[in-house]
1. For segment 1-42, what are the residues that are under 26 Å from the mean Cα position of the chain (by Cα), at pLDDT 95 or above and farther than 15 Å from V446 by Cα?
2. Residues in segment 64-77 that are open to solvent by less than 10 Å² (accessible area, probe 1.4 Å) and either in a helix (DSSP H, G or I) or within 16 Å of ligand 2 (Cβ to nearest atom) (or both): how many?
3. Picking from D45, D86, which residue would you name as being within 16 Å of ligand 2 (Cβ to nearest atom), at pLDDT below 95 and not in a loop (DSSP other than H, G, I, E, B)?
4. Name every residue in segment 52-63 that is touching a helix residue (DSSP H, G or I) at 6+ places or on another chain (Cβ under 9 Å), of a type in the set (A, V, I, L, M) and either open to solvent by 60 Å² or more (accessible area, probe 1.4 Å) or modelled with pLDDT of 85 or more (or both), in order of residue number.
5. Return the residues of segment 556-572 that are open to solvent by 60 Å² or more (accessible area, probe 1.4 Å) and either outside any helix (DSSP H, G or I) or modelled with pLDDT of 90 or more (or both); say none if nothing qualifies.
6. Which is modelled with pLDDT of 95 or more, within 16 Å of ligand 1 (Cβ to nearest atom), within 28 Å of I424 (Cα to Cα) and of a type in the set (D, E, K, R), of D156, D174?
7. Within the group D462, D487, which residue is of a type in the set (D, E), under 30 Å from A576 (Cα atoms) and either open to solvent by 70 Å² or more (accessible area, probe 1.4 Å) or modelled with pLDDT under 85 (or both)?
8. Restricting to segment 183-203, name every residue that is touching a Ser or Thr at 6+ places or on another chain (Cβ under 7 Å) and either basic (K, R) or surrounded by 22 or more Cβ atoms within 10 Å (Cβ to Cβ) (or both).
Amino acid sequence: MTHSNGANPSGIKKPALRVIPLGGLHEIGKNTCVFEYGDDIMLVDAGLAFPSDGMHGVNVVMPDTSYLKENQKRIRGMIVTHGHEDHIGGIAHHLKNFNIPVIHGPRLALAMLTGKMEEAGVMDRTILQTVAPRDVVKVGQHFSVEFIRNTHSMADSFSLAITSPVGTVIFTGDFKFDHTPVDGETFDMARLAHYGDQGVLCLFSDSTNAEVPGFCPPERSVFPCLDRHISQAEGRVIITTFASSIHRVSMILELALKNGRKVGLLGRSMLNVIAKARELGYMRAPDDLFVPIKQIRDLPDRETLLLMTGSQGEPLAALSRISRGEHPQVQVKSTDTIIFSASPIPGNTISVVNTIDRLMMQGAKVVYGKGEGIHVSGHGFQEDQKLMLALTKPKYFVPVHGEHRMLVAHSKTAQSMGIPADNILIIDNGDVVQLSPDSISKGDPVKAGIELLDASRNGIVDARVLKERQQLAEDGVITLLAVISTDGVMAAPPRVNIRGVVTTADARKLSMWAEREIGWVLENRWNQLCRNTGGKAPDVDWVGVQREVEVGLQRRLRRELQVEPLIICLVQPAPAGTPAYKGRADAEPDSRPAPRGRGGRDGGRDGGGRGRDGSVPAPQRQLATVGAAAAAATATPAAAATTVAVKTPAPAELEPEPAGRTRRRRSAAAVG
Ligand SMILES: [Zn+2]
Ligand SMILES: [Zn+2]
């Protein structure tokens, strides 16, 4: 195809091709790319990412797909390049949220996707179309896509030639140039060169190893190294790798056969992927090579090889559980040889080295790390990337699939090959690449971000939940039980529980502070939180009472102890007329600063729900509104005086511990 200019015969300028990555940039993971021309939207891949530290209880990270939900009427179909989780892991989830009429992809990837879709119950939401090398599919009015066989750590992987009215885009997908692929399926470089000759408008290329000089070694190169370790092992061999590294797993099975070892498989994804790959003929191994894990213990150690998940130190994966002595079937033996045939994804390094330490401490020989030759990357190095640029000869270039420094390094490589810096765009998720036959530019970005899913993959962990979990993990939790009668009297001393809070204050001190907060709220807020005060059954906003106490105590802890634990206040209402708990005060003066309302319980206000330091904290805003009218009548300027918070302050000594237990029993009884 040639590109003369952007005008059609009638002289009207054609619209630009818009390419919008929603994930996969400035990160490794959740690759999701939108191609848009006129009224057509075509998706390329939809992956997931794994949570980083601090995302407690988050199982997977998805891109924000608001843009696709809003434009779902225009989605004509999806293209899948290969079956890695960072390319297909999001699809089943997205099918619950927006419509994708058809998905074209390689046989192995779609087989793996089928499993995920069945699990999610979305099999009827789309049509899956399997493609073979050099197949061309049409998507919508404007796109046609040729699948070009490439080589990668996953079998059945493709690069794409995407032809649109403004020109052809080569989208490499994940690749390296492996001239001796394990499955014999070589990179179809002739096809890349064909497009290069015809004229490629823009290349979108995998940047994962853009910082690494040289050529990526072929996958086959790990074979002799693995062979040496396996043949020399005196006892059991335990190997961990990515289940989806089909070629690696194939070689390990081949080596087990060669060395006379039976194979036991551990980990759900390992079992699933091997079953699928064998069923479809991507992996050849005799049935009797495999022995169920319960029976493999009856074989001599020298005749067994255990292949399992856990190469990334994932806490729930088989090898991690074994390292902690928590696996029901497998315990570490000092004669074991344990091989990590994978390198940690950035971010997983600490969990991986911790797992290695635990295994070594139990006496096992652990083989890991770069120098051993037991792992090679599935992504090309600088020379592979140069070869891609040389074959496709693109006019414009966009480095993708990588963190920022990788994108920058890849851009430098492209410049060294003669692509002008002006013809290269480094973009972020949500950026819009606008391509015309003679220009590349950034349009207004679309909404992009992340969506966090819990283990059920249905529950969305929103920012508030995540913040609470971080607070729990970092600062612990304080629970507080208050017994308050419906006529606004503290009927029992508050019961305080502290979990995971690093503090010099003990429960007694916290209990005293809590007492003051409750007293303060009863004194200064009760009328705002209590409607129908004249009636027999006053309508108390108990949630509001709880909030007020929580916010007050939170502020005090921040000020006095510089800690911010999560505070949970529960109020147990007691009937009207319950005698007031006499309160406990000690010599220590209340250091809480003004402003503060003054006067009787039904008297002064401090200005209607305003916080103690004058600000209106978010959870209190509603209360502030509710209280505003009542406050207007009686508002006083910020009072200078500081009222002691306890409603019925009485000088008393700090109770000794046994009395504390009595108190707890009493308040527990109030709950029951
Ligand atoms: Zn991949
Ligand atoms: Zn990838």
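The values are calculated or read from the model by the stated rules, or taken from the named source; none is laboratory data. Computed from a prediction, not measured in an experiment: that's the story for all the values here. Note that we place each Cβ from the backbone using ideal geometry, even for glycine, and neighbour counts take in every protein chain shown. Heads up: the accessible areas ignore ligands, DNA and RNA and are worked out on the full protein's heavy atoms, side chains in. Shrake-Rupley method; radii C 1.70, N 1.55, O 1.52, S 1.80 Å.
1. Result: N31, M42.
2. Within segment 64-77, residues that are open to solvent by less than 10 Å² (accessible area, probe 1.4 Å) and either in a helix (DSSP H, G or I) or within 16 Å of ligand 2 (Cβ to nearest atom) (or both) number 1.
3. D86
4. Within segment 52-63, just M62 meets the criteria.
5. Within segment 556-572, Q562, E564, I568, L570 qualify.
6. After applying the criteria, what remains is D174.
7. D487
8. Residues satisfying the conditions are F187, L192, Y195, V200, L201, L203.
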